[in-house]
Amino acid sequence: MKKTVHWVLIFLLPVALFAQTGTLVVLNKSDNTASLIDCASKTLLATIQTGTGPHEVAVSPDGKTAVVSNYGNRQGPGSSLTVIDVASRKKSKDIDLGEYKAPHGVAFFSDGKRLAVTTERNKTLLVADIDKGEVAGAISTDQEVSHMVALTKDDTRAFVANIGSGSMTAIDLQSMKRLASIATGAGAEGIDISPDDGEVWVTNRAANTVSVVDAKELKVTATLESKDFPIRTKFTPDGRYALVSNARSGDVAVFDAKSKKEVRRVKMELSVVNDVDKRLFGTQFGTSPTPIGILIPPSGTHAYVANSNADLVTVIDLNEWKVVDRIQTRKEPDGLGYSHLVLTD
């Protein structure tokens, strides 16, 4: 018995001591910049100018390219993408989206050459060719404020959360046609698809719920409560848990993906900055540090949560389910991306 216990402790020790490697991409939406940060040392490697109001970022499967959606601000919508060469830590180009305004959600296809992009003003999902720097196709969602997007691993379907319509739109990427729009709940904003591509989870911020949608049948199979103001969701790589950031209550809810039950909450426990009234959400969240973007690298050991009204990224240990670190950012961090590339300072 003692030998067995001793062996288990040795086996678990490297997991407990594991330090995430790679590069974190943090978008500072009120600063119009992207920060590249070394995950292991938390060192700032570069600050790169983007377009106005960078909201979301996607990193190519090979880790070499990060693409930023320039959403715009209160003065007007943006209409461009910024492409970043991660290894050189520099912007490589901007892609003009022309008539398509307020780009937001972004997701790479598995080929690393094409990108799915939502444009809120046009109620549209675009397919952008990154190498050519142009829009290769467009599909109407016919829904209001099409915000975030998730793709199946085989690139056959896209799922879009529509804030204004309280719905999720399913799109066939092979025929480039809309399949259906499914009512989820008021303020449908965050979205993620389970690692087995079986379920799509949608956070309905105004309804304080999370909708679980069967990805094939396109039907809501469960509705979960998540107070307050659930704004993003992200599955752990093993598919066991789904994390939900609640912007108003200032915490991250953890759901067991199989039982569909909330199993714990991780509080951010941060103070807000002084100029909250000048930021995107203003003072509607009071003293909440406003957790929004969630990133979980493939290792599945840690989660990174952007605290938009605290100018910090919180690091959560997913073995211990506790906050283990903070990373200082620039103004109003939100979108997060991860590259496995390790850059020397």
Cleavage-rule hits (GluC sites (Glu not before Pro)) in the stretch 251-321: DSSP loop, at most 13 neighbouring Cβ within 10 angstrom = E269, E320
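Specify whether the C-alpha gyration tensor of the stretch 120-176 places it in the rounded, prolate or oblate class, a ≥ b ≥ c being the square roots of the eigenvalues: rounded for a/c under 1.5, otherwise prolate if a/b is larger than b/c and oblate if not.
Numbers: a/c = 2.12, a/b = 1.38, b/c = 1.53.
Taking the square roots of the gyration eigenvalues as a ≥ b ≥ c, the stretch 120-176 is oblate.
Quick one: which of 31-41, 153-163 comes out on top by average Cβ neighbours within 10 Å, and what's the full order, highest first? The partial results should precede the final answer.
Details: 31-41: 19.0, 153-163: 21.5.
With the highest mean Cβ count within 10 Å placed first, the list reads 153-163, 31-41.
Tell me the net charge near G133. Cut-off is 11 Å between Cβ atoms, G133 excluded, with +1 for each Lys or Arg and -1 for each Asp or Glu. Mind dumping the intermediate values first?
Working: positive: K93, K132; negative: D94, D96, D129, D131, E134.
Residues close to G133 contribute a combined charge of -3.
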Charges only on Cβ, +1 for Lys and Arg, -1 for Asp and Glu: so what's the dipole of the chain about the Cα centre, in debye to the nearest 20?
-> 480 debye
Here the net charge surrounding G286, from other residues whose Cβ is less than 12 Å away from its Cβ (Lys, Arg +1; Asp, Glu -1), is -1
Each label sits 7 Å from Cα toward the beta-carbon; between T43 and D142 the label points are separated, in nm, by 5.4 nm
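Classify the chain as rounded, prolate or oblate, taking a ≥ b ≥ c as the square roots of the eigenvalues of its Cα gyration tensor: rounded when a/c is under 1.5, otherwise prolate if a/b is larger than b/c and oblate if not.
Values: a/c = 1.35, a/b = 1.19, b/c = 1.13.
Because its axes are fairly even, with a/c under 1.5, the chain counts as rounded.
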Check: C-alpha center the stretch 82-153 vs C-alpha center the stretch 318-340, spacing in Å is 24 Å
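Output the relative contact order of the chain, whole-number percent, from Cα pairs under 8 angstrom with separation of 6+ residues.
Values: 1007 pairs, mean separation 44.2, N = 345.
Relative CO of the chain lands at 13 percent.
Each value in this text was obtained by applying a stated rule to the coordinates, not by laboratory testing. If you're wondering where the values come from, they're calculated on a predicted model, not measured in any experiment. Here the Cβ is made from the backbone with ideal geometry for all residues, glycine too, and neighbour counts use every protein chain on show.
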